[in-house]
Amino acid sequence: MDSFTEIWEMVRQALKESVSEITYNVWLADLQMAKFDEEQAVLVASAFKKPLLEKKFMEILDAAFRRVLGFSVRIHILVDGADEQPAGPQLRTNSAPLILQTFDTFVVGSSNKFAHAAAVAVAEKPGKVYNPLFIYGNSGLGKTHLMQAVLYQIRTDNPDVSAIATSGEAFANELIRHIYQQDMETFHSKYRNLDVLLVDDVQFIGGKESTQEEFFHTFNEVTMSGGQIVLASDRPPKEIATLDERLRTRFEMGLIADIQPPDFETRIAIIKRKAQDLNTSFPEEIARYIADKLRSNVRQLEGAARRLQAYIVLNGMEPGRAAAELAIRDILEEYAPPAVTLERIVDEIARAFGGDAASIRGKKRDAKTVIMRQAAIYCARKVTSLSMQQIGKEFGRDHSTVVYSLKQMDLEMKRNAQIRAVVNDVLSNIKE
């Protein structure tokens, strides 16, 4: 693997570890590096994503490059297909492909062999067996890898197949955009005439009425015409509390396969495979040391291998215990449970209710915003150490309003099963 591709692969991994899985999949996964030298990196994105990337993600991108290189570079984002050139010195170019996530690069062990076998079967006979295939498991265990492998295999066998891989949140956002543009015909044409539809993090459509309605009809159209659907989630259908019952029954009508954390032998194999992908190797005792320290997440193991390789290549360190301890330390720090902040609570409530986070802290008093605000106050009281006075201050409300909100949410959760399910789901996500 050449240095250009090697650097971009490590930057991509740093981005994965800096944001949530859904944020990475929606906004960063298809970002490509077109040119690079020691002063500047030129990235390519769609015209739709470019403005938001420049507004919201430049600090994250800069931090990712600094983590890999040890210094900052100027980052310039071009629109895919644009012929503009950034100012500055001529840059070296390279179009070498990144590592593909295929069945050949998926390490099979006792924790994932059932899901792997099901995915292979679907890839060999799309629309004929296990439709839909529903894969679930915690973040970082290989669900997305299997989905991409299915898509790669199907397209390899039949290049003319019509297929889309997306996420639950991206599907919802695209639907909102087409509703706003009054162009549902284009949306229907895109999604209802597919041979293969793969949706990652499908749990995010739960609680969104319009999105679930649209996905219900999309599901029916694709499957009734013989198309294949593959879904992935962090939990089985029955545990997606805000999922419409008719969608739940459809998700359960095919095959449900779970992925568990890898055992010790599989963890060692994953480390060795990733080292091979990075065109290097690690001593056996180092692979075993990393496998013993990182036990629950494939992404952590792959990240450790990348970081260890970076210390060896970029810092000239020996592939020994000292470098491994540095790689492990960085990952353990980055994967520490995030602090439960009010911002996180508000964001989770807005996501779950399909609303706007800013309005929760604002002065709007429509019914939906009031319910979201009361739910956020309720969750803040449950999972933070803030007093009611402090919570009120954060929301621009007085103590009596907080007391009233807590009482109202208690009543609402007792009489409204859907509200209770949404709030409990948010509390569960926040505590993870």
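What FRET efficiency, computed as 1/(1 + (r/R0)^6) with R0 = 35 Å and r the Cβ-Cβ distance, is obtained for residue 183 and residue 292, rounded to the nearest 0.05? With R0 = 35 Å, the Cβ-Cβ based efficiency is 0.05.
What is the range 261-380 by shape, rounded, prolate or oblate, if you read a ≥ b ≥ c off the alpha carbon gyration tensor as root eigenvalues and call it rounded for a/c under 1.5, prolate for a/b larger than b/c, and oblate otherwise? Since a/c reaches 1.5 and a/b is larger than b/c, the shape of the range 261-380 is classed as prolate. For the range 160-241, the convex hull drawn through the C-alpha positions has a volume of 89 cubic angstrom per residue. The mean sequence distance of close C-alpha pairs (under 8 Å, at least 6 residues apart), as a share of the length of the chain, puts its relative contact order at 13 percent. Highest mean packing first, where packing is the average number of other Cβ atoms within 10 Å per residue, the peptides 346-355, 278-287, 124-133 line up as 346-355, 124-133, 278-287. Going by neighbour counts of Cβ atoms within 10 Å, the residues 8, 27 line up, fewest first, as 27, 8.
The ellipsoid that matches the Cα gyration tensor of the range 342-431 has semi-axes, each √(5λ) in whole angstrom, of 17, 14, 14, with the longest given first.
Which of the listed residues, 203, 380, 126, is farthest toward the dipole's positive end in the chain, when Lys, Arg count +1 and Asp, Glu count -1 at the beta-carbon? Of 203, 380, 126, it is 380. Each listed q (0.11 Å⁻¹) maps to a log10 I(q)/I(0) for the chain from the Debye sum over equal C-alpha point scatterers, namely -0.98.
Over what distance in Å are the Cα centres of the range 221-241 and the range 341-380 separated? Each part's Cα centre sits 29 Å from the other's.
By its C-alpha gyration tensor, with a ≥ b ≥ c as the square roots of the eigenvalues, how is the range 179-305 shaped: rounded for a/c under 1.5, else prolate for a/b larger than b/c, else oblate? Note, shape of the range 179-305 comes out prolate. Ordering 120, 402, 202 by the number of other Cβ atoms within 10 Å of each residue's own Cβ, fewest first, gives 120, 402, 202.
Note on residue 363: aspartates and glutamates with a C-alpha under 14 Å away, same-chain residues under 8 apart excluded, are 394, 398. Just to be sure I understand the curve: with the Debye formula and one point per C-alpha of the range 113-258, what is log10 I(q)/I(0) at q = 0.10, 0.14, 0.20 Å⁻¹? With one equal scatterer per Cα and no solvent, log10 I(q)/I(0) is -0.30, -0.60, -1.26. Here's how it looks for residue 257: its modeled amide H is under 5 Å from those of 134, 135, 136, which are all 5 or more places away or on a different chain. Applying 0.36 nm per residue to the separation of residue 260 and residue 410 and subtracting their alpha-carbon distance, the gain on full extension is 50.4 nm. Pairs with C-alpha atoms separated by more than 20 Å, drawn from the list 56/364; 382/407; 208/407, are 56/364; 208/407.
Sequence-ordered 3J(HN,Hα) estimates for the range 118-135 from the Karplus curve with 6.51, -1.76 and 1.60 and θ = phi - 60° stand at 5, 5, 4, 4, 5, 5, 6, 9, x, x, 9, 9, 6, 10, x, 9, 10, 10 Hz, glycine and proline given as x. Our note on the geometry: Cα centres of the range 192-210 and the range 104-156, 17 Å apart.
Of 359, 167, 387, the sequence from fewest to most neighbouring Cβ atoms within 10 angstrom is 387, 359, 167.
Put a dot 7 Å past the Cα of residue 245, heading toward its Cβ, do the same for residue 104, and the two dots end up 4.9 nm apart. Peptide packing for 176-187, 48-59 was compared via the average number of neighbouring C-beta atoms within 10 Å per residue; ordered from the highest value, the list is 48-59, 176-187.
Along the Cα-to-Cβ line of residue 343, 7 Å from the Cα, sits a label point; which residues in the range 14-41 have backbone N less than 17 Å from it? Only 18-21, 23-24 pass the distance filter. According to the square roots a ≥ b ≥ c of the eigenvalues of the Cα gyration tensor, what is the shape class of the range 246-331, taking rounded for a/c under 1.5, prolate for a/b larger than b/c otherwise, and oblate for the remainder? In terms of gyration-tensor shape, prolate.
Readers should treat all values here as calculations from the given coordinates under stated rules, not as data from a laboratory. What you see is a predicted model, and the numbers here were worked out from it, not measured in a lab. Ideal geometry is used to build each Cβ from the backbone, glycine not excepted, and the neighbour counts take in all protein chains shown.
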